[in-house]
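What follows is a single structure, written as structure tokens, with notes after it.
The values are calculated or read from the model by the stated rules, or taken from the named source; none is laboratory data. Note that the structure is predicted; figures quoted are calculated from it, not measured. Positions of Cβ are backbone-derived with ideal geometry, glycine not excepted, and every protein chain shown enters the neighbour counts. SASA here: full protein model, heavy atoms, side chains in, ligands and nucleic acids out. Shrake-Rupley method; radii C 1.70, N 1.55, O 1.52, S 1.80 Å.
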Amino acid sequence: MKRMKTYDVPHKGLRNALSQIQLLAGKTDYSNQHEVEQLYRLGEDVFKILTIHAADENEVTLAELEQRCPRSSHHDVDDHEQIHLVQDKLEKLLTSIYTNSRTGQDVSADGEEFYLAFSEFHGIYLEHTAEEERVTQPLLWKHFTDEELASHRGKIMSKNPPQTLLIWFRFVIPA
Ligand SMILES: [Fe+2]
């Protein structure tokens, strides 16, 4: 019987979102304020849903799993903490690139650093999501019915305001 896939929808959206930043960070002319602003705006939305997604997993999916199978959520929660640290540095770098670009400074070197650092982050993130699908998903199937998994998704959807859901849809629907 085909089981409900907890991660299918959000992870497809996030992989699309990460790829868009990766492509745009490579194409951006960092001497062009308008192009830098476009990258910054995309980054704002993508980093926002990455943060929300980790919180949703910690507070709903992994919290529920922890109750049924103690200690099984620790690995993913730790991953989220590590990812948050790297993401935080990237967000700060992108903000400073944007702020400096607006004042007419040359941000080419920082732009090159952002592109490289983002590709490292992209690699870590893709590995993390694949592990959730290969390792955590079977655990969820073992401990929950599909109805229960659907109720986790319902909880996540209802804790996110419409504005956040609209950002999600932008990346999920084409994916
Ligand atoms: Fe995760």
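Report, to the nearest whole %, how much of the accessible area of the chain belongs to carbon and sulfur atoms, 1.4 Å probe, protein only. C and S fraction of accessible area: 55 percent.
Only Lys, Arg, Asp and Glu carry charge here, each on its Cβ (+1 for the first two, -1 for the last two); on that basis the chain has a dipole of about 660 debye about its Cα centre. Based on protein heavy atoms only, the chain ends up with 55 Å² per residue of surface accessible to a 1.4 Å probe.
Helical runs (DSSP H, four residues minimum) scored at -39500 (n - 2.57) apiece and divided by the length of the chain put the mean residue ellipticity at 222 nm at -26000 deg cm²/dmol. Cross-link partners of LYS5 among lysines, defined as those whose alpha carbon lies under 27 angstrom from its own and excluding same-chain residues fewer than eight positions apart: LYS48, LYS142, LYS155, LYS159. Using a Förster distance of 45 Å, how high is the FRET efficiency between LYS155 and GLU35, based on the Cβ-Cβ distance and rounded to 0.05? Taking R0 as 45 Å, the efficiency between LYS155 and GLU35 is 0.70. Pop the C-beta distance of LYS142 and GLN105 into the FRET formula with R0 = 45 Å and round what comes out to the nearest 0.05. Using R0 = 45 Å, I get an efficiency of 0.25.
Once both labels are positioned 7 Å from their Cα atoms along Cα-to-Cβ, the gap between GLU66 and GLU133 label points is 2.6 nm. Springs join every pair of Cα atoms under 10 Å in this Gaussian network model of the chain, and among VAL135, VAL77, VAL86 the largest mean-square fluctuation is at VAL135. Largest mean-square fluctuation among GLN38, GLN87, GLN67, in a Gaussian network model of the chain whose springs join Cα atoms under 10 Å apart, belongs to GLN67.
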